[in-house]
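Only one structure is covered here, and it is reproduced in the block below.
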Amino acid sequence: MNILLTGGAGYIGSHACVVLLEAGHDVIVVDDFSNSSPEALVRIEGIAGKPFAHYRVHLADRPALRAVFEAHPVDAVMHFAGFKAVGESVEKPLLYYWNNVTGTTVLLETMADFGVRNIVFSSSATVYGDTDRVPTDELCPAAPTNPYGRSKWMIELMLQDLFRSDPSWHMAILRYFNPVGAHESGLIGEDPNGIPNNLVPYIAQVAVGKREWLRVFGNDYPTRDGTGIRDYIHVMDLVEGHLAALDKLAAGPGFDVYNLGTGKGTSVLEMVAAFESASARKIPYRILPRRPGDVAVSTADPTRAQRELHWQARRDIHDMSRDTWRWQMQNPDGYGRNG
Ligand code: UDP
């Protein structure tokens, strides 16, 4: 199939690109490189051994996006493009709504114009907000607590309304828990801009000597060691879930929502220990107060994806740590875009 990937140079998109090419699909990448590097595309081509089309286009640039659809037959879209920093979304809500929601609106209009009605959308477990329903299943009501989460939820609502108006669409909404890890080649991985917000990229930068110590945000949560628990999922498992979702789209029209997680929770200190063992480096840390907005525990109930997509995460936190470390060691400055 011809699959158009928005945000195909980003962290998840780049790994999806590799598995799609390896599965024999043709890929067209659309990315504005606002939070990614063209170097990722060079690396993808090296891993997959197969060239693919790519364009520097912002989704809200309607004429440029239309030109891509005119140049290529598109069977399905995987929509990864979007801003994703929670803190920044609180500071700049309109930027997030414009980029994520407006960008998606133009994408969907363009797809409809060209008769493309297959979409896999990257949503997030953040749409659940601060829920007591842990592990969380897809029926848990959405209650996002920040503009980033609300932008994802708005897009989900928009897709739902679009499906109601035209049930010939094939839609899969994938709610990611905490993606970490990297391709086993160590050639592509997560390349955060500036100081990492997320735990695992921060730990990796401490291990490689770029940062002195990890800030552990709170050890007074009601968890086994007092630190926050999350459902970390290896990015390769995650993108394999997208391949499974693509098969589901082919089965017929529908609007379906799936959690992509392992169902297993790992605390901050357990992740530190796993990374120390994978890297054979000490990760110094200090306990700081809780980070505002953080929840104690977030884990997925992934049974729906197991049942309907016949997909299950296979990699554990040791695989995640090992592969993150390989990427970090081989690329201490990521793709080099931070100078
Ligand atoms: N965390 C931490 N130090 C950091 C970054 C994160 O202690 O520098 C903790 C955070 O409080 C949470 C967990 O690690 O309990 C995962 O945080 P992350 O930002 O990676 O994911 P999210 O909070 O979005 O689930």
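Measure off, as a whole percent, the carbon and sulfur share of the 1.4 Å-probe accessible area of the chain, all protein chains present.
On the way: 7250 of 14110 Å².
Carbon with sulfur: 51 percent of the solvent-accessible area.
Taking 1 over the mean of 1/r across every pair of different Cα atoms in the stretch 226-339, what Kirkwood radius in Å do you get?
Values: mean 1/r = 0.0611 Å⁻¹.
One decimal place: 16.4 Å for the Kirkwood radius.
List the GluC sites (Glu not before Pro) within the stretch 185-243 that fall in a DSSP loop (any state other than H, G, I, E or B) and whose Cβ has at most 11 other Cβ atoms within 10 Å. Don't skip to the end; give the middle numbers.
Values: sites: Glu190, Glu212, Glu240; in loops: Glu190, Glu212.
Within the stretch 185-243, the qualifying GluC sites (Glu not before Pro) (loop, at most 11 other Cβ atoms within 10 Å) are Glu212.
Just how far, in whole angstrom, is the stretch 138-169 from the stretch 113-136 if you go by their alpha carbon centroids?
Using only Cα atoms to place each centre, the spacing works out to 7 Å.
Considering only DSSP beta bridges with both partners in the chain, what is the antiparallel share in %, to the nearest 5?
5 percent
Give me the accessible area per residue for the chain, probe 1.4 Å, as a whole number in Å².
Values: 14110 Å² over 339 residues.
Dividing the accessible area of the chain by its residue count gives 42 Å².
Pairing the Cα long axis of helix 11-22 with the longest principal axis of the chain, what angle in degrees results, from 0 to 90 and rounded to the nearest 10?
60 degrees
Give me the distance in nm between label points sitting 7 Å out from Cα along the Cα-to-Cβ direction at Ala71 and Arg211, one decimal.
3.8 nm
Any idea what the relative contact order of the stretch 10-154 is, in percent, if you count C-alpha pairs under 8 Å spaced at least 6 apart? Don't skip to the answer; put the middle values down first.
Details: 165 pairs, mean separation 32.3, N = 145.
This gives 22 percent for the stretch 10-154.
Enter the Cα centre distance for the pair the stretch 13-35 and the stretch 194-237, rounded to the nearest angstrom.
Centre-to-centre (Cα) distance: 27 Å.
Largest first and in whole Å, what are the equivalent-ellipsoid semi-axes of the chain based on the Cα gyration tensor, each being the root of 5 times an eigenvalue? Please report the intermediate quantities before stating the final value.
Numbers: eigenvalues 189, 105, 69 Å².
Its equivalent ellipsoid spans semi-axes of 31, 23, 19 Å.
Provide the descending list of Cα extents for the stretch 2-86 along its principal axes, expressed in whole angstroms.
33, 31, 18
Placing +1 at every Lys and Arg Cβ and -1 at every Asp and Glu Cβ, with all other atoms neutral, what dipole size does the chain have around its Cα centre, in debye to the nearest 20?
Details: 32 positive and 40 negative charges, 147 e Å.
My answer is approximately 700 debye.
Please check: in the Gaussian network model of the chain (C-alpha springs, under 10 Å), which one of Leu139, Leu199, Leu162 has the largest mean-square fluctuation.
Among Leu139, Leu199, Leu162, the largest mean-square fluctuation in the Gaussian network model of the chain belongs to Leu139.
Compute the helix-to-body angle for 147-165: its Cα long axis versus the longest principal axis of the chain, expressed 0 to 90° and rounded to tens.
30 degrees
Residues with beta-carbon under 14 Å from that of Asn100, excluding Asn100: net charge, scoring Lys, Arg +1 and Asp, Glu -1?
Residues close to Asn100 contribute a combined charge of +1.
Under 5 Å between amide hydrogens, which residues at least 5 positions from Ile233 or on another chain qualify, with H placed 1.01 Å from N in the peptide plane?
Distant-sequence amide H within range of Ile233: Asn178, Val180.
Taking the Cα atoms only, what angle lies between the long axis of helix 62-71 and the longest principal axis of the chain, rounded to 10 degrees?
So the inclination is approximately 70 degrees.
In the stretch 85-160, which trypsin sites (Lys or Arg not before Pro) are in a loop and have at most 14 other Cβ atoms within 10 Å, using DSSP for the loop call?
Working: sites: Arg117, Arg133, Arg150, Lys152; in loops: Arg117, Arg133.
The qualifying sites are Arg133.
Which residue fluctuates the most in the chain, going by a Gaussian network model with Cα springs under 10 Å, if the choices are Pro284, Pro167, Pro292?
Looking only at Pro284, Pro167, Pro292, the largest GNM fluctuation is found for Pro292.
Check each of the trypsin sites (Lys or Arg not before Pro) in the stretch 178-261 and keep only those in coil by DSSP with at most 14 other C-beta atoms within 10 angstrom; list them in order. Walk me through the numbers before you get to the answer.
On the way: sites: Lys210, Arg211, Arg215, Arg224, Arg230, Lys248; in loops: Lys210, Arg211, Arg224.
Taking the stretch 178-261 and a limit of 14 other Cβ atoms within 10 Å, the loop trypsin sites (Lys or Arg not before Pro) found are Lys210, Arg224.
Please list 3J(HN,Hα) in residue order for the stretch 104-112, calculated via the Karplus relation 6.51 cos²θ - 1.76 cosθ + 1.60 where θ = phi - 60°; whole Hz, with x for glycine and proline.
For the stretch 104-112, the Karplus-derived couplings read 5, 4, 5, 4, 5, 4, 5, 4, 4 Hz, x marking Gly and Pro.
Let me check I've understood the local charge: for Leu260, count other residues with C-beta under 12 angstrom from its C-beta, Lys and Arg +1, Asp and Glu -1. What total comes out? Don't skip to the answer; put the middle values down first.
Numbers: positive: Arg175, Arg304; negative: Glu138, Asp231, Asp237, Glu240, Asp301.
That works out to -3.
Would you mind checking Lys92/Lys264; Lys84/Lys210; Lys84/Lys282; Lys92/Lys152; Lys84/Lys264 for any pair whose Cα atoms are more than 27 angstrom apart? If you can, show how the numbers build up before the last one.
Details: Lys92/Lys264 33 Å; Lys84/Lys210 23 Å; Lys84/Lys282 30 Å; Lys92/Lys152 15 Å; Lys84/Lys264 23 Å.
Going by Cα-Cα distance, Lys92/Lys264; Lys84/Lys282 fall outside the 27 Å limit.
Restricting things to alpha carbons, find the Rg to Rh ratio for the stretch 145-293 using the Kirkwood radius for Rh.
Working: Rg = 18.5 Å, Rh = 17.8 Å.
On the Cα set of the stretch 145-293, Rg over Rh gives 1.04.
Using alpha-carbon positions, what is the distance between the centroids of the stretch 37-78 and the stretch 274-310, in Å?
32 Å
Tell me, what ³J(HN,Hα) does each residue in the stretch 221-238 have, in order and in whole Hz, if you take phi through Karplus 6.51 cos²θ - 1.76 cosθ + 1.60 with θ = phi - 60° and put x for Gly and Pro?
My calculation for the stretch 221-238 gives 7, x, 10, 4, 10, x, 9, x, 10, 10, 9, 7, 10, 5, 4, 6, 4, 4 Hz in order.
Net charge near His170: determine it from the other residues with C-beta under 13 Å of the C-beta of His170, scoring Lys and Arg +1 and Asp and Glu -1. Don't skip to the answer; put the middle values down first.
On the way: positive: Arg117, Lys248; negative: Asp75, Asp166, Asp247, Asp256.
Residues near His170 contribute -2 overall.
In vacuum, with every alpha carbon of the stretch 91-189 counted as one equal point scatterer, what does the Debye formula give for log10 I(q)/I(0) at q = 0.12 Å⁻¹? Two decimals, please.
With one equal scatterer per Cα and no solvent, log10 I(q)/I(0) is -0.48.
The values are calculated or read from the model by the stated rules, or taken from the named source; none is laboratory data. Values in this document were obtained by computation on a predicted structure and should not be read as measured data. Using ideal geometry, Cβ is built from the backbone for each residue, glycine included, and neighbour counts are taken over all protein chains shown. Side chains are part of the model used for accessible areas, which takes the heavy atoms of the whole protein and leaves out ligands, DNA and RNA. Shrake-Rupley method; radii C 1.70, N 1.55, O 1.52, S 1.80 Å.
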